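Below: one structure, written as structure tokens.
The values are calculated or read from the model by the stated rules, or taken from the named source; none is laboratory data. Predicted, not measured: the structure shown is a model, and the values here were computed from it. Neighbour counts are summed over all protein chains in view; Cβ atoms, including those assigned to glycine, are modelled from backbone coordinates with ideal geometry. These area figures cover heavy atoms from the full protein model, side chains too; ligands, DNA and RNA do not enter into them. Shrake-Rupley method; radii C 1.70, N 1.55, O 1.52, S 1.80 Å.
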Amino acid sequence: MPVVDIDPDELRELTGHDEKDDEELKSDLFGLGLEFEGETEDGLLQFEFGPDRLDRLSVEGVARSLRYHYGDDRGVRVPDTNDPDFTYVVDEDVPDERPYVTGAIVRGVDLDERSLDSLIQLQEKLHATMGRKRAKGAIGIHDLVAIKGEVLREDASGNSITYTGIEPDGDTFVPLDSDRELTPAEVLEEHPTGETYADIVADYDRYPAIYDELGLFSFPPVINGRRTEVSTDSTDLLVELTGTDQWTIDRMCNIICYALSARGATIEEVEIEYEDRTLVRPDFEVETKSVSHDRIETMLGVGFEPEEVVDLFERSGLDAVVADDEGESAAEGESGDGDAATTYDVSIPPYRVDVLHPLDLVDDVGRAYGFDELEPRYPDIGTVGGRHERSRLEAATRNTLTGLGFEDLLNFHMTSEEEACDRMNVEAGTEYLGGGEPVEITEPYSEDYTILRQWALPSLVMVLENNTHRAYPQDLAEVGLVAERDDDVNTRVRERRHVAGVLARHDATYEDAKARLQAICRDFDVDLATPPTEHPSFIDGRVAAVEIDGEAVGVVGELHPRVLVEHDLELPVAAFEFELDALAD
């Protein structure tokens, strides 16, 4: 999860609570779900954020949440906007792979070193999360004074910039952190930032580009031009975002605009002129969702009066009214009686990208009430608790693995196809262990976690990759969840528990891994056979199938040199993986 650096002095200034010391701020932020992670050499406090509250990726967003928490602000606030003077024209040559653009004009912002650093941090954190490392959405912020927008038409007074596509060896510009003109292709080959993000546009026939009257000034999603670089002297800004999805970049733009508005800036709308439609942005439309009183009380286990619920919503930065029996909002000052039929219509501010379901609204009520204030109580029914048989089997297997000298691990169930397949030399959709069709995450917040892993071995190899600085031998094991697509299951996802282990040492061999397997099977009184097989992650002739009680359930062998080199491993690695259920009686 993202970690954000917060200047405590600036946080006190933005909240208006100079009396709060650092410990009080940490405690208050923990109540909002922000965990203290440490302190930088410069005295900045580091907090880990849940990936849902992306509006808190800057000190401005954190301060806004604290002001609601303290009761200084209430309800939904939407910044005032001036009428558009700029138009972003989307040219027909824009790359099909990245067709969308949005943005805003920001005037009268007061930037010092601290606020500029905060803005840059927010930009990069949004890139890393919602923007999927700029692949889905990228933000460009420019000094408006350096942009010369040509007049659109004789009968119009507005200015424009153009979002288009150009040849890789087309026009030149001076990118940030450079002192010479480069073509987009040269940026990707010679500039450090270009090398970092070259993969995003590698397959494009034409590269995205943004022009003003003076020429090319931005090469999204890679780098901006030096001509429009923002500094502490900048007071008026042009914000532009490009991406693969209009909704995503619009919400990213909203978060940026709210952060700058907190600095006293004025937001000015822009027109986005597509070939078939014209949009006005930023999109500050307030959405509404409904949640029942009964659901709130049932989930939190607390009895509320409707007035209390409305108050808690407002302290969360939301607005709420009690709907009447016909589903219409009650008049101001009226409320329901708090029975099960009472429903609240809740208004959600434009910067909240996390409210997707009524349960998200219940979570806000709970946080405003204070989860520490919830009183535990015994259930109304009596049951005798006990471990599930699968849990017993997992615990027994872990005991056996640790007894054999393995270090027990717990890795993420989510990963990427690159880690689970490409770097393990396995092709998805094949019959090999780990080659099943992956379960894809529909809207991942990061490209590092786009699927559920099909097997556990890649997770262990990634740990070895991160531990090359530690002493050997390293014997690691995991009992964990794996999943793959299966249309024969009613959920279309088949979940299993797998047992995996790796032995990294200068003399690791197939025989070492097989010996551990034999010990495990002997401990569970099952029969093991290891007939020769093939698997692209392992060395031919040094790999075998794992058959337990006559059923093929896994693989054991020595990892292929190609896999070792891919993970920067300089020692041999022997490994095994098989289905946990094979050990059950």
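Looking at (1) more than 29 Å from the chain's Cα centre (by Cα); (2) at pLDDT 95 or above; (3) farther than 16 Å from Thr397 by Cβ, which is the only condition Val563 fails?
Against the list (1) more than 29 Å from the chain's Cα centre (by Cα); (2) at pLDDT 95 or above; (3) farther than 16 Å from Thr397 by Cβ, Val563 comes up short only on (1).
For segment 274-284, how many residues meet the condition of being open to solvent by 60 Å² or more (accessible area, probe 1.4 Å), farther than 15 Å from Asp80 by Cβ and touching a residue at least 40 places away in the same chain (Cβ under 8 Å)?
First pass over segment 274-284, keeping only residues open to solvent by 60 Å² or more (accessible area, probe 1.4 Å): 275-278, 280.
Filter again for farther than 15 Å from Asp80 by Cβ, leaving 275-278.
Now drop any that are not touching a residue at least 40 places away in the same chain (Cβ under 8 Å), which leaves 275.
Count: 1.
Find the residue count for segment 318-346, including only residues that are on the phi > 0 side of the Ramachandran plot and at pLDDT 95 or above. Please lay out each step first, then the result.
Filtering segment 318-346 down to residues on the phi > 0 side of the Ramachandran plot leaves 327, 333, 338.
Next, from what is left, pick out any that are at pLDDT 95 or above: none.
Number satisfying all stated conditions: 0.
Just one of the numbered conditions (1) outside any strand (DSSP E or B); (2) under 21 Å from His535 (Cβ atoms); (3) not charged (D, E, K, R) is not true of Ala471; which one?
Going through (1) outside any strand (DSSP E or B); (2) under 21 Å from His535 (Cβ atoms); (3) not charged (D, E, K, R) one by one, Ala471 breaks only (2).
Just checking, how many residues over segment 357-403 are within 30 Å of Ala582 (Cβ to Cβ) and open to solvent by 30 Å² or more (accessible area, probe 1.4 Å)? Let's see the steps before the verdict.
If we filter segment 357-403 for residues that are within 30 Å of Ala582 (Cβ to Cβ), which is where we start, we get 384-403.
Next, only the ones that are open to solvent by 30 Å² or more (accessible area, probe 1.4 Å) stay: 384-392, 396, 398-399, 402-403.
Final tally of qualifying residues: 14.
Please go through segment 238-249 and pick out each residue that is over 15 Å from Pro208 (Cβ atoms) and surrounded by 24 or more Cβ atoms within 10 Å (Cβ to Cβ).
Leu238, Val239
Look at segment 411-440 and say how many of its residues are closer than 21 Å to Gly554 by Cβ, outside any helix (DSSP H, G or I) and either in contact with an Asp or Glu (Cβ under 7 Å, 6 or more places away or on another chain) or open to solvent by less than 20 Å² (accessible area, probe 1.4 Å) (or both).
Looking only at that region, the number is 13.
State which residue is most open to solvent (accessible area, probe 1.4 Å) when the search covers only segment 135-149 and only residues that are of a type in the set (A, V, I, L, M) and part of a loop (DSSP other than H, G, I, E, B).
Only one residue fits best here, namely Ala135.
List pairs: first residue in segment 520-532 and under 19 Å from Gly501 (Cβ atoms), second residue part of a strand (DSSP E or B) and open to solvent by 30 Å² or more (accessible area, probe 1.4 Å) anywhere in the structure, Cβ distance under 8 angstrom, at least six positions apart or on different chains.
Listed by first residue and then by second, the contacts come to Cys521/Leu528; Leu528/Glu547; Ala529/Glu547; Thr530/Glu547.
Which of the following residues is farther than 22 Å from Thr244 by Cβ and either open to solvent by 40 Å² or more (accessible area, probe 1.4 Å) or modelled with pLDDT under 95 (or both): Arg226, Arg132, Arg206? If you could, list the steps in order and put the result at the bottom.
Details: Arg132 fails: farther than 22 Å from Thr244 by Cβ; Arg206 fails: farther than 22 Å from Thr244 by Cβ.
It is Arg226.
Look through Leu571, Leu517 and report the one residue that is open to solvent by less than 50 Å² (accessible area, probe 1.4 Å) and closer than 17 Å to Ala477 by Cβ. It would help to see each step written out before you state the result.
Working: Leu571 fails: closer than 17 Å to Ala477 by Cβ.
None of the others qualify; the one that does is Leu517.
How do the strands (runs of 3 or more DSSP E) wholly within segment 1-111 filter down when requiring 1 or more residues that are closer than 30 Å to Ala146 by Cβ, of a type in the set (Asp, Glu) and open to solvent by 30 Å² or more (accessible area, probe 1.4 Å): which remain?
Values: elements: 3-6, 35-39, 45-48, 81-90, 100-107.
Because the criterion is at least 1 residues that are closer than 30 Å to Ala146 by Cβ, of a type in the set (Asp, Glu) and open to solvent by 30 Å² or more (accessible area, probe 1.4 Å), the strands (runs of 3 or more DSSP E) in segment 1-111 that meet it are 3-6, 81-90.
Going by the conditions given, is Thr196 free of Cβ contacts under 8 Å to residues at least 12 places away in the same chain and either surrounded by 16 or more Cβ atoms within 10 Å (Cβ to Cβ) or within 28 Å of Val59 (Cβ to Cβ) (or both)? It would help to see each step written out before you state the result.
Numbers: free of Cβ contacts under 8 Å to residues at least 12 places away in the same chain: yes; either surrounded by 16 or more Cβ atoms within 10 Å (Cβ to Cβ) or within 28 Å of Val59 (Cβ to Cβ) (or both): yes.
Criteria met by Thr196.
Determine which single condition Val556 fails, assuming it passes every other condition in (1) at pLDDT 95 or above; (2) surrounded by fewer than 19 Cβ atoms within 10 Å (Cβ to Cβ).
(2)
One residue is enough: does segment 288-305 have a residue meeting the conditions open to solvent by 30 Å² or more (accessible area, probe 1.4 Å), under 27 Å from the mean Cα position of the chain (by Cα) and small (Gly, Ala, Ser)?
Yes.
Does Glu443 satisfy the criteria of being more than 22 Å from Asp199 (Cα to Cα) and either of a type in the set (Phe, Trp, Tyr) or part of a loop (DSSP other than H, G, I, E, B) (or both)?
Working: more than 22 Å from Asp199 (Cα to Cα): no; either of a type in the set (Phe, Trp, Tyr) or part of a loop (DSSP other than H, G, I, E, B) (or both): yes.
Criteria not met by Glu443.
Pairs please, first residue from segment 122-147 and without any contact (Cβ under 8 Å) to a residue 40 or more places away in the chain and over 16 Å from Ile255 (Cα atoms), second anywhere and hydrophobic (A, V, I, L, M, F, W, C) and surrounded by fewer than 22 Cβ atoms within 10 Å (Cβ to Cβ), Cβ atoms under 6 Å, 6+ apart in sequence or on different chains.
none
Tally the residues that are out of contact with any helix residue (DSSP H, G or I) (no Cβ under 7 Å at 6 or more places or on another chain), farther than 20 Å from Ala483 by Cα, modelled with pLDDT of 95 or more and among the acidic types (Asp, Glu), restricting the search to segment 566-585.
Qualifying residue count for the region: 0.
Among all residue pairs at least 6 apart or on different chains, which show Cβ distances below 9 Å where the first residue, located in segment 479-499, is farther than 25 Å from Thr402 by Cβ and the second is among the β-branched types (Val, Ile, Thr) and surrounded by fewer than 16 Cβ atoms within 10 Å (Cβ to Cβ)?
Final answer for the pair search is Ala483/Val493; Glu484/Val493; Arg485/Val493; Asp486/Val493.
Taking segment 253-273 as the region of interest, how many residues are open to solvent by less than 20 Å² (accessible area, probe 1.4 Å) and part of a loop (DSSP other than H, G, I, E, B)?
Residues that pass the stated criteria total 1.
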